[in-house]
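The values are calculated or read from the model by the stated rules, or taken from the named source; none is laboratory data. Just so it is clear, the structure is predicted and the values come from calculations on it, not from any experiment. Backbone-built Cβ (ideal geometry, glycine too); neighbour counts: all protein chains shown.
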Amino acid sequence: MLPHEPEFYRALLVGWVVLAAALVPVLLFITAPYGRFARRGWGPALPARVSWVLMESPTILVVAALFVVGRHKSLVHVVFLVLWNVHYVHRTLVYGMRVRSERRMPVLLVASALFFNVVNGYLQGRYLFTLGPEAAAAWLADPRFLAGLALFAGGLGVNTWADNALRRLRKPGESGYRVPRGGLFEWVSCPNYLGETVEWCGWALLTWSPAGLAFAAWTAANLVPRAIATHRWYRKEFPDYPPHRRAILPFVL
């Protein structure tokens, strides 16, 4: 550990949360140009599949490296690493390689996502495996861990189910969009974003860490505005879109 790393880490963490809050009003008016919102004018672009795998790879590599060089390697920390990779190995390799979109993703957006994943990976891995407190095996029976694990698993399940449901709407070779139906899609336009937000709130709880809380805040700051934009898009493109659906939170938003 470098002599002033704890001070640097705290400053970075605070600045990271402030940046997330500052981006919310921006993202409410400017929707990231990928997927259904892909558009020209954002510079050079890469194929969607290559972009996805490239920008998500640091989530696996950075956190794994910080575990290897870290001070904390108890059973609890191994569990943290496994849970992290349950999400990100799927998100990077499985989901990434199944992307069918022929739309390209701006290099600027890929670079931004790379930067986010490197910084977030550092914040998560460095706190859990070095700067944070050592965790005894008893933590695995703590109500906070168990409640967080339930949220994490439930959110992951919803996120994965929704992604697969959206993927099944489009047959090989098709590029258009259809109205998704069934399950949580009857209540919200973006259960995939709802699931991911719940998942990382669970992560914050099960790790009981400021880094986890910062990640949950970033997830909400990024996905809630995108869900609102997606909901608005559905209503515009499909005049018969179910009027009772909300964007991301049933009955509320």
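A single member of 203, 139, 218 is within 22 Å of residue 63 (Cα to Cα) and over 22 Å from the mean Cα position of the chain (by Cα), and it is 139. Residues in segment 191-237 that are more than 20 Å from residue 25 (Cα to Cα), of a type in the set (S, T, N, Q) and assigned to a helix (DSSP H, G or I): 192, 207. Can residue 123 be described as of a type in the set (A, V, I, L, M, F, W, C), surrounded by 14 or more Cβ atoms within 10 Å (Cβ to Cβ) and more than 29 Å from residue 253 (Cα to Cα)? Yes: the conditions hold for residue 123.
Matching residues to (1) modelled with pLDDT under 95; (2) surrounded by 14 or more Cβ atoms within 10 Å (Cβ to Cβ); (3) out of contact with any Asp or Glu (no Cβ under 9 Å at 6 or more places or on another chain); (4) of a type in the set (Ser, Thr, Tyr):
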| site | (1), (2), (3), (4) |
| --- | --- |
| 174 | yes, no, yes, no |
| 179 | yes, yes, no, no |
| 182 | yes, no, yes, no |
| 191 | no, yes, yes, no |
| 197 | no, yes, yes, yes |
| 214 | no, yes, yes, no |
| 225 | no, yes, yes, no |
| 237 | yes, no, yes, no |
| 247 | no, yes, yes, no |
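Against the list (1) among the aliphatic types (A, V, I, L, M); (2) in a helix (DSSP H, G or I); (3) surrounded by fewer than 20 Cβ atoms within 10 Å (Cβ to Cβ); (4) touching a strand residue (DSSP E or B) at 6+ places or on another chain (Cβ under 8 Å), the condition residue 252 fails is (2). Pairs linking a residue in segment 146-163 that is within 14 Å of residue 84 (Cα to Cα) to a residue that is surrounded by 14 or more Cβ atoms within 10 Å (Cβ to Cβ) and modelled with pLDDT under 95, with Cβ atoms under 7 Å and 6 or more positions apart or on different chains, are 156/87.
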